[in-house]
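Everything on this sheet refers to the single structure shown next.
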Amino acid sequence: MAKVRAYTNIALIKYWGKSDLNWNLPTSSSIGLTLDRFYTDTSVEIDQFSKKDFFQQLNGQQIEGPKISKIINFIRNSCGNKNFVKVISENHVPTSAGLASSASAFAALTKAASQAFGLELDNRELSKIARIGSGSASRSIFGGFSIWHKGQNKDDSFAESILDPVDFDIRVIDILADKRVKKISSSQGMQLAQTSPNYDSWLKKNDRQIDEMLKAISDHDLEKIGLIAETNSASMHELNRTAKVPFDYFTENTREIIAEVDQLYKKGILAFATVDAGPNVKVITNSEYQEKIINVLKEYGEILVQKPGRGVANV
Ligand code: PMV
């Protein structure tokens, strides 16, 4: 039996569109930061007597069965072992808050399943398989900052480490202001966003921002990292509002919190807002400013502060 822990990651440059639905190939590269508070533990065990796979989710959001099967089948086929497996997964992600648990879930599943089948895969290979379940899971294979290269086919779309361990002070503050479950999944959202007339120019801008973000990370420049991430997030959500069928993950709270974060930055506090496929805002900052930010934002909901986290590992 193999048991693995993987952490969630926050996208600093977002993945927001697929060029291939089956293999989860993205329309652009993306950059993430793996964090240290939310994780999934998954164990996979070969069951020689079973006639089908067995999946059990001990708590939290149910990850989708067909996607689990896709990963298990891929690994089973690549090693020619026909046995079925028992998968037990436990999420330590506040699921009601709409925080992405699929990244940690599929990263943990991929490593645990490949080990259970006796495959010794490096992190790059694991990232390609995790990607099939959920694109952002490819980045959760790695600790710290990582990049998922869009590639051109299923074999060259992989993630790799940019900086791990992260040798500078960065924090991500989650404000759990809205506990409703998101109505539009990330896959649905992306498909809609790709109908926006601004989608092609958004892709070009994303390519530029990837280069800028890589430089900002290598310079350890928190302000640049935050400013680029904030602009990137804002334009992803603008894309949604200009889709053929417009939609918006933002709520009144989201807008208010972003306005507060803007005010903080204008007062000289390093605070930058980023939002994924849900209403909750994450604020990028450092340990010096975190308390000041928490004091302003705590009235909006539960606050959690995260530091850079580790890549997938056995537990
Ligand atoms: O990996 P998915 O299918 O859950 O999509 C993730 C989408 C975003 O979180 C909005 C962006 C990203 O790159 O993580």
Cut-off under 5 Å, modelled amide H: who pairs with LEU163 long-range: PHE145
Formal net charge of residues neighbouring PHE158 (Cβ-Cβ distance under 14 Å; K, R +1; D, E -1): +1
Under-5 Å amide H pairs with HIS92, H placed in peptide plane, nonlocal only: TYR39, THR40, ASP41
Segment 249-314: relative contact order as a whole-number percent, Cα under 8 Å and 6+ apart: 28
Environment charge at ALA216 (Cβ cut-off 14 Å; Lys +1, Arg +1, Asp -1, Glu -1): -3
Cβ-based charge dipole, the chain, positive-most Cα from ILE210, GLY144, VAL245: VAL245
Accessible surface of segment 236-281 [probe 1.4 Å, protein heavy atoms]: carbon and sulfur percent: 55
Relative contact order [Cα under 8 Å, 6+ residues apart], the chain, whole percent: 25
Prolate/oblate/rounded label for segment 146-211 (Cα gyration tensor, a/c 1.5): oblate
1.4 Å probe accessible area per residue over the chain, in Å²: 43
Rounded to whole Å, sorted largest first: equivalent-ellipsoid semi-axes of segment 1-114, Cα gyration tensor: 25, 18, 12
Shape category assigned to segment 209-289 from the gyration tensor of Cα positions, a/c cut at 1.5: oblate
Calculated from backbone phi, Karplus (6.51, -1.76, 1.60) coupling profile of segment 108-118 in Hz, x at Gly/Pro: 5, 4, 4, 5, 5, 5, 5, 5, 4, 8, x
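For the peptides 118-127, 102-111, 189-198, what is the packing order when you average, over each peptide's residues, the other Cβ atoms within 10 Å and list the highest mean first?
In descending order of packing, they fall as 102-111, 189-198, 118-127.
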Cα radius of gyration and Dmax for the chain (Å): 18.9, 64
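Over segment 1-49, what percent of the accessible surface lies on carbon and sulfur atoms, probe 1.4 Å?
43
Beta carbons within 10 angstrom, averaged per residue: use that to sort the peptides 81-87, 1-7, highest first.
The most tightly packed comes first, giving 1-7, 81-87.
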Degrees between helix 199-218 axis and first principal axis of the chain (Cα, 0 to 90, nearest 10): 90
Global form of segment 51-192, assessed from the alpha-carbon gyration tensor, a/c cut-off 1.5: oblate
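Considering only the other residues whose Cβ falls under 15 Å of the Cβ of ILE141, what net charge follows from Lys and Arg at +1 and Asp and Glu at -1?
After counting each charged neighbour, the total is +2.
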Inter-label distance, nm, simple model (7 Å from Cα along the C-beta direction), ASP20/LEU58: 3.6
Protection proxy ranking of 153-161, 167-175 - average other beta-carbon atoms within 10 Å, highest first: 167-175, 153-161
Folded to 0 to 90 degrees: helix 65-79 orientation relative to the chain principal axis, Cα: 50
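The values are calculated or read from the model by the stated rules, or taken from the named source; none is laboratory data. Here the structure is a predicted model, which is why all the values come from computation and not from measurement. Every residue, glycine among them, receives a Cβ derived from its backbone with ideal geometry; neighbour counts consider all protein chains shown. We work out accessible area using only protein heavy atoms, side chains counted, and drop any ligands, DNA or RNA first. Shrake-Rupley method; radii C 1.70, N 1.55, O 1.52, S 1.80 Å.
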